[in-house]
Amino acid sequence: MIEEALRQFRVGCGSNNGFLPLTIKGPLKGGECEIDGSISSQLLTGLLMALPVAGKNSTIRVNDLKSRPYIDMTLQVLDKFGIKGDQRLIIQCS
């Protein structure tokens with residue numbers, strides 16, 4: 001899941017058939033990504049924190065988001081640091 005999401009942002013990833021160790025080669029440049037939000041909010045939180053400093057605007061489409069309160073908390077923290085969800089990042093949840 002992590003590999004698939006990062007590859008959509010053109011980040012090089014490798015693993016041992018989906019298991020650790022995970023190797024990542026950047027930089028994270030931004031763009032568009034679609035992820036499954038039913039498994040964990042941690043991947044989405046990490047992307048939300050990293051993408052505002054990526055090279056371009058980003059859109060994340062989240063399918064079946066289960067942990068909306070945690071994502072809302074992440075967005076509130078970003079807002080406290082002056083990063084608005086609509087400045088460089090668009091989140092679409094279904």
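Worth a mention:
- Residues (at pLDDT 90 or above and not aliphatic (A, V, I, L, M)) located in region 42-58: GLN42, THR45, GLY46
- Hey, THR45 part of a strand (DSSP E or B) and closer than 18 Å to ASP79 by Cα or not: no
- Close pairs from region 59-79: first assigned to a strand (DSSP E or B), partner among the hydroxyl-bearing types (Ser, Thr, Tyr), Cβ under 7 Å, at least 6 apart: ASN63/SER94
- Within region 1-42, the set of residues being over 25 Å from PRO69 (Cβ atoms), in a strand (DSSP E or B), of a type in the set (A, V, I, L, M) and touching a residue at least 12 places away in the same chain (Cβ under 8 Å) comprises LEU22, ILE24.
- Looking only at region 35-73, and only at residues there that are loosely packed, with under 15 Cβ neighbours inside 10 Å and of a type in the set (Asp, Glu), the one that is nearest to GLU4 (Cα to Cα): ASP64
- Just one residue in the set LEU22, LEU28 is out of contact with any Cys (no Cβ under 6 Å at 6 or more places or on another chain), of a type outside the set (Gly, Ala, Ser) and surrounded by 17 or more Cβ atoms within 10 Å (Cβ to Cβ); that residue is LEU28.
- Of the residues making up region 1-19, those that are within 30 Å of GLY82 (Cβ to Cβ) and either acidic (Asp, Glu) or touching a Cys at 6+ places or on another chain (Cβ under 9 Å) (or both) are ILE2, ALA5, LEU6, ARG7, GLN8, PHE9.
The values are calculated or read from the model by the stated rules, or taken from the named source; none is laboratory data. Just so you know, these numbers come straight off a predicted model, no measurement behind them. Because the Cβ atoms are built from the backbone with ideal geometry, glycine has one as well, and the counts that use them run over all protein chains shown.
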